[in-house]
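**Student:** One structure, pasted below without further comment.
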Amino acid sequence: ICVNCRVGETVCPHGAITITEKGVITDPAFCQGCGFCAAACPTHAAKLINFTDKQILDQVDVAFSGLKAGEPKIMALLCYWCSYCGADLAGANGLRAPVNYRSIRIRCSSSVNTALIVEMFRRGVDGILIGGCPQAACHHVNGNYLTDKRMSLLGNLMDQLGLDSSRLRFDYIGVPQSQKFID
Ligand code: FES
């Protein structure tokens, strides 16, 4: 289903994707699995192994099964390198987290596409936090900045559609920033 639009080749921060006359070639020696291409691909031809939208949505579907009825469901999608570790440290440091939040460890925050967010809302998630590495510290060059931009565009669209954009938030959360994560 690739239409050779070259978006994947353009956005890949590691130079792993090349479009040739024979089709798309992803060089496994260069690919670092950020998921940047998968989120940007307009036809969803690019997929991130083990982190597909379906696999994430399957986790979303069961994540809140023990939650009391009426509690808002807050889902945190946390980048593999920094934000997830910050959240993990919150637990190790004994910080109290709200009972109604769940988290899913993703690859770079740039792997989150807007269709996934919309589908999560459609499935009943009330609020979504996307955590990315601190500024200038994304492990995939500038994935966190692009996620910030992508989510603020989606927020604008949500407002235009009459949806409350405060239900969606991107933030830069580093490993030592457990308190920021909890806040
Ligand atoms: Fe953390 Fe890119 S690796 S936001």
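The values are calculated or read from the model by the stated rules, or taken from the named source; none is laboratory data. Bear in mind that the values here come from a model prediction, so they are computed numbers and not experimental data. Positions of Cβ are backbone-derived with ideal geometry, glycine not excepted, and every protein chain shown enters the neighbour counts. Each accessible area value is taken on the protein alone, full model and side chains, heavy atoms only, with ligands, DNA and RNA left out. Shrake-Rupley method; radii C 1.70, N 1.55, O 1.52, S 1.80 Å.
**Student:** Return the only residue of Ala97, Ala90 being among the aliphatic types (A, V, I, L, M), surrounded by fewer than 17 Cβ atoms within 10 Å (Cβ to Cβ), within 23 Å of Tyr172 (Cβ to Cβ) and more than 14 Å from the ligand (Cβ to nearest atom).
**Tutor:** On inspection, the qualifying residue turns out to be Ala97.
**Student:** Working only within the range 21-36, note down all residues that are out of contact with any helix residue (DSSP H, G or I) (no Cβ under 6 Å at 6 or more places or on another chain) and of a type in the set (Gly, Ala, Ser).
**Tutor:** Matches in the range 21-36: Gly23, Ala29, Gly33.
**Student:** Now a separate question. Only residues that are closer than 12 Å to Ile128 by Cα and not basic (Lys, Arg): list them for the range 165-178, please.
**Tutor:** Within the range 165-178, the subset closer than 12 Å to Ile128 by Cα is 165-171.
Selection gives Ser165, Ser166, Leu168, Phe170, Asp171.
**Student:** For residues in the range 10-56 being charged (D, E, K, R) and within 20 Å of Leu116 (Cβ to Cβ), which is surrounded by the most Cβ atoms within 10 Å (Cβ to Cβ)?
**Tutor:** Here the answer is Asp53.
**Student:** Return a yes/no flag: does the range 104-114 have any residue that is more than 16 Å from the ligand (Cβ to nearest atom), open to solvent by less than 60 Å² (accessible area, probe 1.4 Å) and either under 14 Å from the mean Cα position of the chain (by Cα) or farther than 21 Å from Leu168 by Cβ (or both).
**Tutor:** Just the residues of the range 104-114 that are more than 16 Å from the ligand (Cβ to nearest atom), to begin with: 114.
So of that shortlist, the ones also open to solvent by less than 60 Å² (accessible area, probe 1.4 Å) come out as 114.
Applying the additional criterion that residues be either under 14 Å from the mean Cα position of the chain (by Cα) or farther than 21 Å from Leu168 by Cβ (or both) yields 114.
Yes, some residue in the range 104-114 is more than 16 Å from the ligand (Cβ to nearest atom), open to solvent by less than 60 Å² (accessible area, probe 1.4 Å) and either under 14 Å from the mean Cα position of the chain (by Cα) or farther than 21 Å from Leu168 by Cβ (or both).
**Student:** Do you know which residues across the range 173-183 are open to solvent by less than 80 Å² (accessible area, probe 1.4 Å), among the polar types (S, T, N, Q) and in a helix (DSSP H, G or I)?
**Tutor:** Within the range 173-183, just Ser178 meets the criteria.
**Student:** Just for the range 120-133: of the residues that are within 15 Å of Arg167 (Cβ to Cβ) and in a strand (DSSP E or B), which one is farthest from the ligand (Cβ to nearest atom)? Explain how you work it out, then say what you get.
**Tutor:** Narrowing the range 120-133 to residues within 15 Å of Arg167 (Cβ to Cβ): 120-130.
Narrowing further to those that are in a strand (DSSP E or B): 127-130.
Details: Gly127: 20, Ile128: 15, Leu129: 13, Ile130: 9 Å.
Filtering the range 120-133 for residues that are within 15 Å of Arg167 (Cβ to Cβ) and in a strand (DSSP E or B), the one farthest from the ligand (Cβ to nearest atom) comes out as Gly127.
**Student:** Now, a different point. Suppose the filter is modelled with pLDDT of 95 or more, assigned to a strand (DSSP E or B), aliphatic (A, V, I, L, M) and closer than 18 Å to Asp53 by Cβ; does Ile117 pass it?
**Tutor:** Details: modelled with pLDDT of 95 or more: yes; assigned to a strand (DSSP E or B): no; aliphatic (A, V, I, L, M): yes; closer than 18 Å to Asp53 by Cβ: yes.
No: the conditions fail for Ile117.
**Student:** Right, another one. Any idea which of (1) touching a Cys at 6+ places or on another chain (Cβ under 8 Å); (2) part of a loop (DSSP other than H, G, I, E, B) is the one Ser65 doesn't satisfy?
**Tutor:** (1)
**Student:** Moving on. Answer yes or no: is there a residue in the range 37-44 that is touching a helix residue (DSSP H, G or I) at 6+ places or on another chain (Cβ under 8 Å), within 16 Å of the ligand (Cβ to nearest atom) and assigned to a loop (DSSP other than H, G, I, E, B).
**Tutor:** no
Per-residue answers, yes or no, for (1) without any contact (Cβ under 8 Å) to a residue 24 or more places away in the chain; (2) out of contact with any Cys (no Cβ under 7 Å at 6 or more places or on another chain); (3) not hydrophobic (A, V, I, L, M, F, W, C):
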site: Ile117; (1), (2), (3): no, yes, no
site: Met120; (1), (2), (3): no, yes, no
site: Ala136; (1), (2), (3): yes, yes, no
site: Lys149; (1), (2), (3): yes, yes, yes
site: Gln160; (1), (2), (3): yes, yes, yes
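**Student:** Considering the range 134-172 alone, what residues qualify as being open to solvent by less than 80 Å² (accessible area, probe 1.4 Å), part of a loop (DSSP other than H, G, I, E, B) and within 9 Å of the ligand (Cβ to nearest atom)?
**Tutor:** Passing the criteria: Pro134, Ala137, Cys138, His140, Asn142.
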